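Peer 1: Sharing a structure, written as C-alpha cells. Questions coming.
The values are calculated or read from the model by the stated rules, or taken from the named source; none is laboratory data. Since the model is a prediction, treat every value here as computed from it, not as a measurement. Virtual Cβ from ideal backbone geometry, glycine too; neighbours counted across all protein chains shown.
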Amino acid sequence: MEIKISSKNNATISKFLKLKQKKYREKYNMLLLEGERLVNDALKRDVAFKALVLLDSNKSKYTYLYSKMTCPIYIVPNYIFCVLSETDNSQGIIGVAQFKREDFALPKTNFLVLDRISDPGNLGTIIRTAMAGNFKNIYLYDSVDYTNDKCLRATMGTLFDCNLYIVNRDQINVLLDNYTVFATTLDGDDIYQINPPREIFGLVVGNEANGIDKQLIKKIEHSIHIPMLNDVESLNVAVATAICIYLLKR
C-alpha cells in the first residue's frame with residue numbers, strides 16, 4: 001500500500017525520525033536501513049519490514065523491491081527524506097525493519113568477544129569479517145551500538161546472519177570458564193606459532209586505544225600477538241581481528 005506524505009510533522013515520520021536515537025530503536029525494536037544494497041540484503045534474509053520510505057522522484061527505480069513487501073510504502077518529497085537520511089548522497093530508499101536483541105546463549109561455533117569497541121565502522125567491519133570466517137557468535141561488552149547506521153552499512157547485511165549478544169562481565173566469565181579463549185595483546189605469543197584447537201574457541205579483541213581490559217586479560221590463559229616489521233606498533237582493530245580469525249582457524 002502506497003501512502004504519500006507531504007508534512008514533516010506527520011506522526012509516522014516523527015516516529016521514524018526517533019529511530020535515529022538508540023533509546024528509541026530499543027524501545028520500538030526497530031531500526032532504519034538506508035540504501036538499496038542494505039534493504040535488499042535484509043529482504044533476502046527474510047528480515048521483517050515495518051515500512052519502506054521512498055523519495056518520490058526515485059519511486060519507480062525500486063518497484064522490484066517493494067513489490068515483494070507487504071508493509072506500507074511511504075512516498076515522500078526530498079525535504080522530508082533528507083530529515084530521515086544519514087548519508088550525503090542518499091539513494092532515496094530507507095527501510096524500517098524489525099529487530100530484537102538476543103538473550104545470552106552459549107556459542108555453537110567459534111566466537112568473538114569484543115571489549116569496548118568504540119568505532120561503529122570498525123564494529124561493522126569486524127562483524128562482516130567474523131561471518132566470513134564462521135565466527136557466528138559475537139558478544140559485545142560495553143561496545144558501540146550495533147544498530148548505529150555506520151555500523152549497519154559496514155556489515156553489508158551480515159548483521160542479520162550472526163548471533164549478536166550484549167553481555168556483562170559475568171556472562172563473559174561464563175565463556176572464559178567453558179571454552180579455550182585467545183586474547184589479542186602486544187606481548188602475547190606469536191600467532192604463527194599457535195596450533196589452533198579443534199574444538200570451539202573464542203577470540204577476545206579490545207578497545208582501539210586501550211586494548212583489552214587488564215582485569216579481563218588476567219582471566220584469559222592464551223594471549224597472542226601479530227608480529228610486525230618496520231617499527232609498526234599496532235594495526236587497526238578490524239584488520240587485526242581479520243588476521244587473527246583466519247590464522248587461528250587455518
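Peer 1: Looking at region 191-203, is at least one residue in contact with a helix residue (DSSP H, G or I) (Cβ under 9 Å, 6 or more places away or on another chain), more than 17 Å from Val239 (Cβ to Cβ) and modelled with pLDDT of 95 or more?
Peer 2: Scanning region 191-203 turns up at least one residue that is in contact with a helix residue (DSSP H, G or I) (Cβ under 9 Å, 6 or more places away or on another chain), more than 17 Å from Val239 (Cβ to Cβ) and modelled with pLDDT of 95 or more.
Peer 1: Related question: Could you list, in sequence order, the residues of region 70-80 that are assigned to a helix (DSSP H, G or I) and of a type in the set (Val, Ile, Thr)?
Peer 2: Ile80, the sole residue that qualifies.
Peer 1: Could I ask something else about it? For region 224-250, how many residues are farther than 15 Å from Thr125 by Cα, assigned to a loop (DSSP other than H, G, I, E, B) and out of contact with any Leu (no Cβ under 8 Å at 6 or more places or on another chain)?
Peer 2: Total satisfying the criteria: 7.
Peer 1: Hey, another quick one. I'd like to know if region 225-237 contains one or more residues that are within 24 Å of the chain's Cα centre (by Cα) and over 19 Å from Ile117 (Cα atoms).
Peer 2: no
Peer 1: Another question, then. Given the criteria of a type in the set (S, T, N, Q) and part of a strand (DSSP E or B), does Thr184 qualify?
Peer 2: Considered against the rule, which asks whether it is of a type in the set (S, T, N, Q) and part of a strand (DSSP E or B), Thr184 comes out as yes.
Peer 1: Here is a follow-up. I'd like to verify a number: residues in region 211-245 that are surrounded by fewer than 14 Cβ atoms within 10 Å (Cβ to Cβ), of a type outside the set (Val, Ile, Thr) and out of contact with any helix residue (DSSP H, G or I) (no Cβ under 9 Å at 6 or more places or on another chain), how many?
Peer 2: The total comes to 7.
Peer 1: Quick check: is even one residue across region 124-142 within 30 Å of Phe16 (Cβ to Cβ), at pLDDT 95 or above and basic (Lys, Arg)?
Peer 2: Yes: one or more hits.
Peer 1: I'm told Glu208 meets every condition in (1) under 30 Å from Lys44 (Cβ atoms); (2) surrounded by 15 or more Cβ atoms within 10 Å (Cβ to Cβ) except one. Can you identify the failing condition by its number?
Peer 2: Among (1) under 30 Å from Lys44 (Cβ atoms); (2) surrounded by 15 or more Cβ atoms within 10 Å (Cβ to Cβ), the lone unmet condition for Glu208 is (1).
Peer 1: Oh, and also: Report the residue count in region 109-149 for those that are touching a Pro at 6+ places or on another chain (Cβ under 6 Å) and either free of Cβ contacts under 8 Å to residues at least 60 places away in the same chain or not assigned by TED's automatic domain parsing to the domain that holds Glu208 (or both).
Peer 2: Selection size over region 109-149: 2.
Each row is one residue, and each column tells you yes or no for (1) more than 16 Å from Phe201 (Cα to Cα); (2) surrounded by fewer than 21 Cβ atoms within 10 Å (Cβ to Cβ).
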site	(1), (2)
Val113	no, no
Ser118	yes, yes
Leu123	yes, no
Ile127	yes, no
Asp145	yes, yes
Asn148	yes, yes
Leu152	yes, no
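Peer 1: Report whether or not Leu175 is under 21 Å from the mean Cα position of the chain (by Cα), modelled with pLDDT of 95 or more and assigned to a strand (DSSP E or B).
Peer 2: Criteria not met by Leu175.
Peer 1: Further, regarding this structure: Tally up the residues in region 198-223 that are free of Cβ contacts under 8 Å to residues at least 60 places away in the same chain and in contact with a Leu (Cβ under 8 Å, 6 or more places away or on another chain), please.
Peer 2: 3
Every residue, every condition in (1) surrounded by 15 or more Cβ atoms within 10 Å (Cβ to Cβ); (2) part of a strand (DSSP E or B), yes or no:
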| residue | (1), (2) |
| --- | --- |
| Lys27 | no, no |
| Ala42 | yes, no |
| Leu52 | yes, yes |
| Ser60 | no, no |
| Lys68 | no, no |
| Cys82 | no, no |
| Glu86 | yes, no |
| Gln91 | yes, no |
| Lys100 | no, no |
